[in-house]
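**Student:** Structure incoming, see below.
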Amino acid sequence: MSESGGQGFFHELKRRNVFRVAIAYVVVTWLLLQVVDILVPMLTLPEWVGRLVFLLLVIGFPMALLFAWAFEMTPEGVKLEKNVDRSESITHVTGRKMDRTIIGVLVVALAAAVYLNFKEDPIPASEPAATEQDDAAFEVVATTVKPSIAVLPFANRSANESDAFFVDGMHDDLLTQLAKISGLKVISRTSVLQYRDTEKSMKVIGDELGAKALLEGGVQRAGDKIRINVQLIDAETDEHLWAETYNRDLTADNIFEIQEEISLEIANALHAALSPDEQKRISDRPTDSIAAYEAYLLGRQRLATRNTDDVTESIGYFRIAVKEDDNFADAYGSMAEAYLVRINNGTLSLGEALTEIRPLVAKLEALKQESGIVYNAMGGLAEYEGDIELAEAYYRKAIEVSPGYTTAYVWLALLLSNFTGDFEGAAELYRTAADLDPMATLPRYNLATQLSSLGLREEAMAEIRKGIEIDPTGSQSYSFGGWVLSSSFGRIADGLAWAQKGGATDRINIGAVAGHYLLLGDFESARLWRDFYVAFNPGTSWAGEQHIALLRYEGKTEEAAEVALGLLDQPRDTAYFPAVLRAIRDYFLSVEREDDAIEAYRRIFPELLLETPDVNRSNLQAAVDLVLLLQEAGETTEASVLAERTFPVLDDTPVFAAFGKFLLEVELHAILGDRDKAIAALSDVVGSGLTAYVSPDNRNLANIANDPEYLRLMEIVRGRVDAERAKVRAMEVEGLLARTPAELGKVRFELGL
């Protein structure tokens, strides 16, 4: 074609308005697709409707251009272009009309684009606003309401039933991936497992879990091939939002690629924006070894049960995983987590565990990989090495990079409660954990603990009852519910019934029964139940604390101190250290070894011996006891400073609660020799309903022990304790309480739930 000919064809296209039709068609198509994108989910239409509209519009484009070339608008209507006299053609008029139409449509399109960009782009509601932070200080980011999803257990569609572990592991690992997306609320593993092979409808499951969307699927493994099919369902309408089937070679890279694709598709379907960091974390490949991955999956499944034997077994699987892949960070982090759990369940001493954990965390630091598991392990080591500030930073970083990892919330809450006395912050963390894991009882039990610590006893019991509704066999719920009834309401007999119910469900909680008998001053029964508890749970700090109380009752202060000294290598996060240290203090004071006693306090509560003591709810009893010790050691100035720092904390502490002040304010006034304030405080406590055995040899009360008003008030308390003890005997006769552990199976508990 010659140059002039080419220009003639271009001129003819322009004269016949073909270019204008093309522009108008493209702009109108874009607008139509935006409308379809909004209406399809709004009208719950199948996803293929949008794809069909797009296909029809694409097919229509060349047809529209062909129509513009072959036909022309005339005053008499549409005619073939070849039948129109050029002198009568009005294409120039039609062109001007089309120009105005195109401009109008472009204005509408521009307005729509600005609106959609403003609505979706700047800072999605689910993403945190940027804040300044240094390497050691991380903040948990508050978010708006997030779209929620529950991933139901995958079906094992393999011919080999032994592949079930692999299927469950993939399910767990996908949850871990989704937990990295801050814009999603991902229901935790514990809550979704009960829906395996369920016949409940999607709507019922969604309502029970608080999830708007459900993902279900199946995995088929055959030799070196894997087939995974998944579908995302709107729990409210039972409509399919998205579905896909993956057929791949069985390699680690393919597994992670599938998980990445599923995670991104879910985020897209639920309109959850991902930050660049989240996209990177989801796309990271933790290992390229399928053998390492399979061992890791087995280890995580064992660790998740928190059963003593399973936790120990999980370490062996994690060792296999890191042997297969020396750079598998989550396997190292999981192994460290397992050792940390063994500290808590008493199967490994703190020193032995730290020897194992330190090289694992050193490896994690060298690998420089980010995940909730990794940072949580680092936080655990920092906590047990006494660097509370660094531990808190690591736990918060774990939540930042894996917002759905409930273990990080629980461990951070425990740290705040046990070391900083921030019960409000701990309660909020437990609320989040309970929201992420709504069918698990442990977060509710922990939440109830914090609510009780805040003096919210009715709210605490409400959470306990919710936990029991979820799992009527939940032993910890019964045990702690009994403690709230006894310590916060003075209902020791009813609390004892709850404690026995918990012990009947799980013997690890029998120790709570002995604790109630100590409140009643019934030392014979306390010893019986404590010995039964020790037979199943030897070496725990709980058993040791009860042993100390019984030895002190018998006047064996030196033996009590020996037991107490043996507990000093336990981790700080036990609630029994104040009672342990009191036994050490009283014995060392009796043999004039005040300096040794002070060193014991310095070892466990170093913050109380700073130039400016840091007193909070978690170390309140230790602070009061230490004031007396410092006085007796002749360090009166230090004792006075510590007392001044303690009184404001006492003022903000409820009388009856977990970590309540009970008689501590009375004791501190008595230690300082202020009889009137001590008696006034005691009168208030007794008036509030104090019902508990008070030892007559409480050294903190020595200055008022013979005061007539003190003796009168103590007689009132003893009367209440006697009444509760009589109620216990009556309940035993009626078969509502067990006299001995052997009778537990014969009791008909009536707890008034």
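The values are calculated or read from the model by the stated rules, or taken from the named source; none is laboratory data. From a predicted model like this one, the values you see are computed outputs, not experimental measurements. Heads up, the Cβs are rebuilt from the backbone with ideal geometry, glycines too, and the neighbour counts pull from every protein chain shown.
**Student:** Among what's in segment 289-307 and is farther than 15 Å from PHE165 by Cβ and surrounded by fewer than 15 Cβ atoms within 10 Å (Cβ to Cβ), pick the residue that is nearest to the chain's Cα centre (by Cα).
**Tutor:** Once the filter is applied, the top-ranked residue is ARG306.
**Student:** Which count do you get for residues in segment 495-515 that are in a helix (DSSP H, G or I) and in contact (Cβ under 8 Å) with a residue 60 or more places away in the chain? Full working, then the answer.
**Tutor:** The initial filter retains those residues of segment 495-515 that are in a helix (DSSP H, G or I), namely 495-505, 507-509, 511-515.
Filter once more, keeping what is in contact (Cβ under 8 Å) with a residue 60 or more places away in the chain: 496-498, 500-501, 503-504.
Number satisfying all stated conditions: 7.
**Student:** If you check ARG720, ARG729, ARG712, which single one turns out to be touching a residue at least 60 places away in the same chain (Cβ under 8 Å), over 22 Å from MET461 (Cα atoms) and assigned to a helix (DSSP H, G or I)?
**Tutor:** ARG720
**Student:** Going by the structure shown, is ALA526 part of a helix (DSSP H, G or I), touching a residue at least 60 places away in the same chain (Cβ under 8 Å) and either surrounded by fewer than 24 Cβ atoms within 10 Å (Cβ to Cβ) or not charged (D, E, K, R) (or both)? Break it down stepwise before answering.
**Tutor:** Working: part of a helix (DSSP H, G or I): yes; touching a residue at least 60 places away in the same chain (Cβ under 8 Å): no; either surrounded by fewer than 24 Cβ atoms within 10 Å (Cβ to Cβ) or not charged (D, E, K, R) (or both): yes.
No, not satisfied.
**Student:** Hey, any hits in segment 566-587 for a residue that's over 28 Å from GLU385 (Cβ atoms), of a type outside the set (Val, Ile, Thr) and at pLDDT 90 or above? Explain how you work it out, then say what you get.
**Tutor:** Within segment 566-587, the subset over 28 Å from GLU385 (Cβ atoms) is 586-587.
Keeping just the survivors that are of a type outside the set (Val, Ile, Thr) gives 586-587.
Remaining after also requiring at pLDDT 90 or above: 586-587.
The answer is yes, given that some residue of segment 566-587 is over 28 Å from GLU385 (Cβ atoms), of a type outside the set (Val, Ile, Thr) and at pLDDT 90 or above.
**Student:** Does GLU599 fit the bill of being out of contact with any helix residue (DSSP H, G or I) (no Cβ under 7 Å at 6 or more places or on another chain), charged (D, E, K, R) and not in a loop (DSSP other than H, G, I, E, B)? Full working, then the answer.
**Tutor:** Numbers: out of contact with any helix residue (DSSP H, G or I) (no Cβ under 7 Å at 6 or more places or on another chain): yes; charged (D, E, K, R): yes; not in a loop (DSSP other than H, G, I, E, B): yes.
Considered against the rule, which asks whether it is out of contact with any helix residue (DSSP H, G or I) (no Cβ under 7 Å at 6 or more places or on another chain), charged (D, E, K, R) and not in a loop (DSSP other than H, G, I, E, B), GLU599 comes out as yes.
**Student:** Taking the condition over 25 Å from SER487 (Cα atoms) and either surrounded by fewer than 22 Cβ atoms within 10 Å (Cβ to Cβ) or not β-branched (Val, Ile, Thr) (or both), does TYR405 pass? Give the derivation first.
**Tutor:** Values: over 25 Å from SER487 (Cα atoms): yes; either surrounded by fewer than 22 Cβ atoms within 10 Å (Cβ to Cβ) or not β-branched (Val, Ile, Thr) (or both): yes.
Yes, satisfied.
**Student:** Let me ask something additional. From the set of residues in segment 425-437 that are in a helix (DSSP H, G or I) and out of contact with any Leu (no Cβ under 7 Å at 6 or more places or on another chain), which is surrounded by the most Cβ atoms within 10 Å (Cβ to Cβ)?
**Tutor:** The qualifying residue surrounded by the most Cβ atoms within 10 Å (Cβ to Cβ) is ALA433.
**Student:** Another question about this same structure. Considering only residues that are under 13 Å from the mean Cα position of the chain (by Cα) and assigned to a helix (DSSP H, G or I), which ones fall in segment 438-456?
**Tutor:** Listed by number, the residues that qualify are LEU442, PRO443, ARG444, TYR445, ASN446, LEU447.
**Student:** Could you please let me know if VAL728 is surrounded by 14 or more Cβ atoms within 10 Å (Cβ to Cβ) and not hydroxyl-bearing (Ser, Thr, Tyr)? Quick ask: steps written out before the conclusion?
**Tutor:** Details: surrounded by 14 or more Cβ atoms within 10 Å (Cβ to Cβ): yes; not hydroxyl-bearing (Ser, Thr, Tyr): yes.
Against the criterion (surrounded by 14 or more Cβ atoms within 10 Å (Cβ to Cβ) and not hydroxyl-bearing (Ser, Thr, Tyr)), VAL728 qualifies.
**Student:** Out of ASP284, ASP330, ASP310, ASP325, I need the residue that is under 26 Å from LEU442 (Cα atoms), touching a residue at least 12 places away in the same chain (Cβ under 8 Å) and acidic (Asp, Glu). Which one? Give the derivation first.
**Tutor:** Working: ASP284 fails: under 26 Å from LEU442 (Cα atoms); ASP310 fails: touching a residue at least 12 places away in the same chain (Cβ under 8 Å); ASP325 fails: under 26 Å from LEU442 (Cα atoms).
Step by step, each of ASP284, ASP330, ASP310, ASP325 is checked, and only ASP330 is under 26 Å from LEU442 (Cα atoms), touching a residue at least 12 places away in the same chain (Cβ under 8 Å) and acidic (Asp, Glu).
**Student:** Search segment 649-701 for residues being of a type outside the set (Asp, Glu) and without any contact (Cβ under 8 Å) to a residue 24 or more places away in the chain, and hand back the single one that is surrounded by the fewest Cβ atoms within 10 Å (Cβ to Cβ).
**Tutor:** Quick first cut of segment 649-701, residues of a type outside the set (Asp, Glu) only: 649-650, 653-664, 666, 668-673, 675, 677-683, 685-696, 698-701.
Remaining after also requiring without any contact (Cβ under 8 Å) to a residue 24 or more places away in the chain: 669, 677, 680-681, 687, 696.
Values: HIS669: 24, LYS677: 15, ALA680: 14, ALA681: 22, GLY687: 11, PRO696: 8.
Across segment 649-701, the extreme among qualifying residues is PRO696.
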